[in-house]
1. I'd like the orientation of helix A:226-236 relative to chain A: the angle between its Cα long axis and the longest Cα principal axis, in ° from 0 to 90, rounded to 10.
2. Using alpha carbons only, how many degrees (0 to 90, rounded to 10) separate the axis of helix A:42-54 from the longest principal axis of chain A?
3. Going by amide H atoms built from the backbone, whose H comes under 5 Å of the H on B:A155, apart from near neighbours?
4. Report, by chain and number, residues whose modeled amide H sits under 5 Å from the one on A:T214, excluding near sequence neighbours (fewer than 5 apart, same chain).
5. Mind jotting down the three principal axis lengths of chain A based on Cα atoms? Whole angstrom, largest first.
6. Give the nm distances, rounded to one decimal, from B:Q201 to the matching residue in every other copy, measuring between label points 7 Å along Cα toward the beta carbon; shortest first.
7. Pop out the Kirkwood hydrodynamic radius of segment A:159-198 from its pairwise C-alpha distances, inverse of mean 1/r, in Å to one decimal.
8. Mind checking the full-extension length gain between A:A220 and A:D90? Use 0.36 nm per residue of separation minus the Cα-Cα distance, one decimal, nm.
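What follows draws every value from the coordinates through simple rules; no lab data is involved. Here the structure is a predicted model, which means the values were calculated and not measured. Ideal geometry is used to build each Cβ from the backbone, glycine not excepted, and the neighbour counts take in all protein chains shown.
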Protein chains: 2
Amino acid sequence: MVRFVSYRSGSALRAGAVLRAADGDRLLDLGADPLVEILSDAGRTDAARAAVAAADASALPALASVRLEAPVRPGTILCLGYNYRGHVPDGVDPTADDPATPDVFVKTRNTLAGPADPVVVPAVADDVDYEGELAVVIGRRAKDVTPQQALRHVAGYTILNDVSDRSWQRRQSQWALGKCFDSFAPLGPWIVTPDDVGDPQDLLVEVVRDGVVTVSQSTATTIFPVADIVSYLSQVMTLEPGDVVSTGTPQKLPEAQAAHRPLRPGDTVTVRIARIGELTTTFIGGTA
Amino acid sequence: MVRFVSYRSGSALRAGAVLRAADGDRLLDLGADPLVEILSDAGRTDAARAAVAAADASALPALASVRLEAPVRPGTILCLGYNYRGHVPDGVDPTADDPATPDVFVKTRNTLAGPADPVVVPAVADDVDYEGELAVVIGRRAKDVTPQQALRHVAGYTILNDVSDRSWQRRQSQWALGKCFDSFAPLGPWIVTPDDVGDPQDLLVEVVRDGVVTVSQSTATTIFPVADIVSYLSQVMTLEPGDVVSTGTPQKLPEAQAAHRPLRPGDTVTVRIARIGELTTTFIGGTA
């Protein structure tokens, strides 16, 4: 499995790959072109994989010596509002409440945060929550693609924490403002390509808050699989390389739901997804 | 009044200003920097105005000889869902139904269209409608600004047609997909700066569809004035130069509402706003 990253070098961003060494992760530089340009070109992706295979990890710098940034800078971040089925008693059809179509909203560009960035809990937001999600990164332009074609337009998968303030989200019919505070979309820490991820509908998504597992559900329980979502969105809009489609959040476990309190400065939330990795975000106070 | 434009020259965009000559509009070139960079800097704006004042319009090329593009390329386009009061009978408080806060949604970057671009009516969309709106262009970064400060962060005003497919808009709770088809945000044709526009709450907004006036209402009847909207949004997000905030649509006149039919290829819609100008959009069929 190759983990593709964007990292900061001085004022510039560079692409890279993470290699495992005996004493921890190392970084292989992949040049100054944006990572999405490598991942949107099969030949360049293959060349990068070959460079990873040929590298001597022990001779590379430690991953910890650089600052990871969001692996892409999406022109558009689309999110699904409801996509995981809840638990139902035996004998009840789990698909009975399925909506006919995805409920889609947008996170604006100011929300993007890198995997090393804290999320700022704004002074005006008192009901901040996390949503750990499988995020799809578009690699090839997609317009009017069928579900059968859709996965060919995916560069890879990463993790999005769709941080949301519930009270702003509920002020009006449209959720945008509750979803669009600065830094409310930590993305990363890396992209894993489709051949390494395998079936995107067989991934365990978990959230750990302050040491306690609060979410644990497989993408097998989604209503709309990745291929259907990308196809559906592409009926409306041209999806461009680097765009991110986040696939909705599994509900909290019942005991976590009962114990839930809004996020506060000092809290830490980790979203981990099988065969991808984990994204840990620290919440801090605002400067106002 | 100076009308500031972005126009295409070969594969590049250039900034310009429109001057009136006896035989029609002429174009004064203002260089290769994006228009927003001129309008976000008071000194450069003044220099551009001085160049306009000093120019001999009759010696300039015809505006019609170039292709106008959207005056800015916004990183974020924010729109209001409901902001004009309807007509109420005498004795009824017109503010009785005012919401407490703006209802805000996002148009994604694929929606942007220039004033010369047609809007494509997609084959999958059968209930396409227009919304003629006063659009605010941010000139200086704005975060946590008060209503009293807000207008100092505005570079100027232009026109947005918030084209919407009602059936997609109503499929789910969130309107994003009905609002975000490719080309559903014609913007322009130019920006007029605040000193030329004067009071943004005293502008007549009209829509002419196929020769008939279907909307005619003043921004004096809005619930949330521009200064309040910008201030409110800036509590949530950092607004960046070039971002566009569209201020909601006045309702159709009763007879136009009664006669309304969805837009079809071949229709033409003009949005005109006093002291700004008019934006005429032709609707065409999709290629699918």
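1. For A:226-236 against chain A, the angle is about 80 degrees.
2. So the helix axis and the longest Cα principal axis differ by about 70 degrees.
3. Those qualifying (amide H under 5 Å, at least 5 residues apart or on another chain) are B:V137, B:I138, B:G139, B:R140.
4. Result for A:T214 returns A:V207, A:V208, A:R209.
5. Here the Cα extents, ordered largest to smallest, are 52, 46, 35 Å.
6. The projected label point of B:Q201 is separated from its counterparts by 5.4 nm.
7. On the way: mean 1/r = 0.0848 Å⁻¹.
It works out to 11.8 Å.
8. Values: separation 130, 0.36 × 130 = 46.80 nm, distance 1.80 nm.
Full-extension gain reported as 45.0 nm.
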